[in-house]
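Every number in this text was worked out from the coordinates using simple rules, so none of it is lab data. What you see is a predicted model, and the numbers here were worked out from it, not measured in a lab. Glycine also receives a Cβ, built like all others from the backbone with ideal geometry; neighbour counts cover every protein chain displayed.
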Amino acid sequence: MAKEIIYYKVKNRSPGIVKYNIPDKNIQRVFQPGQLMRIPYEELLNLSYQPGGKELMANFLQIQSEGVPKSLGIKTEPEYYLNEAQIVELMTHGTLNAFLDCLDFAPIGVIELIKKYAVSLPLADYEKRQALLKKTGFDTDLAVANSGLEKSDAEEEKQKIEEAIPAGRRTTPNYNVVKKG
């Protein structure tokens with residue numbers, strides 16, 4: 001009787017590409033930012049034996065099944081299981097203490113998402129912005145200001161290009177086709 005293969009959802013929650021190899025099993029995976037894959041438990045177990053494999057799963061890949069990380073020897077806190085919607089909810093409506101706990105115990109992938117959302121939302125709570133700066137060195141106010149400059153620079157560049165293109169109707173020139181022979 002064939003052994004049943006159990007798959008688990010694994011998500012890359014880092015802002016960059018995550019790649020791993022398991023040479024003796026001839027397995028190579030590449031996760032794009034935010035990509036979700038179904039991975040067999042045996043592969044996760046083999047990854048945990050690879051140098052850096054446990055750190056990769058603990059900090060950048062989220063195994064979306066409670067208990068599986070523990071069975072692989074990965075220590076997790078409740079913040080490990082936060083998804084994007086829960087992170088945004090914490091940032092916009094959560095208490096300062098809950099936010100501080102998240103900054104203290106969340107894996108690197110969650111911290112990177114907090115930084116991303118701190119700029120894109122933007123993070124309105126001054127105390128949370130200061131906590132993020134103190135814990136990670138990430139200055140939300142400066143990042144938001146720079147983000148605004150980038151947008152205005154892009155709009156200015158687009159306007160210059162549009163002005164450089166001559167207005168009016170464009171037609172293709174008439175060519176006479178000459179046949180040899």
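Considering only Cα-Cα distances, which of the following residue pairs are longer than 29 Å: 3/25; 9/75; 25/54; 54/115; 11/115; 19/116?
Pairs exceeding 29 Å: none.
Which residues' amide hydrogens lie under 5 Å from the amide hydrogen of residue 8, considering only partners 5 or more residues apart or on another chain, with H built in the peptide plane?
Here the answer is 39, 41, since their amide H atoms fall under 5 Å of that of residue 8.
Evaluate the distance, in nm, between pseudo-label points positioned 7 Å from the Cα of residue 98 and of residue 134 along their respective Cα→Cβ axes.
Rounded to a tenth, the inter-label distance reads 2.0 nm.
Could you state the principal axis extents of the C-alpha atoms in the range 7-76, from the largest down, to the nearest angstrom?
Result, largest extent first: 27, 25, 21 Å.
For the range 1-95, run through the GluC sites (Glu not before Pro) and keep only the ones in DSSP coil with at most 11 other Cβ atoms within 10 Å of their Cβ.
4, 66
Starting from one equal scatterer on each C-alpha and no solvent at all, send me the Debye-based log10 I(q)/I(0) for the range 23-120 at q = 0.22 Å⁻¹, two decimals.
Evaluating at q = 0.22 Å⁻¹ gives log10 I(q)/I(0) of -1.18.
Would you mind getting the Kirkwood hydrodynamic radius of the range 80-143 from its Cα pairs, rounded to one decimal in Å?
It is 11.4 Å.
Can you order the peptides 105-116, 135-146, 15-26 by their average number of other Cβ atoms within 10 Å per residue, highest first?
Final packing ranking: 105-116, 135-146, 15-26.
Out of residues 5 or more away from residue 27 or on other chains, whose amide H comes under 5 Å of its own, with H placed 1.01 Å from N in the peptide plane?
22
Going by how many other Cβ atoms sit within 10 Å of their own, how do 91, 37 line up, fewest first?
Exposure proxy ranking, most exposed first: 37, 91.
Using amide H atoms built in the peptide plane, which far-off residues or other-chain residues are under 5 Å from residue 35 H to H?
12
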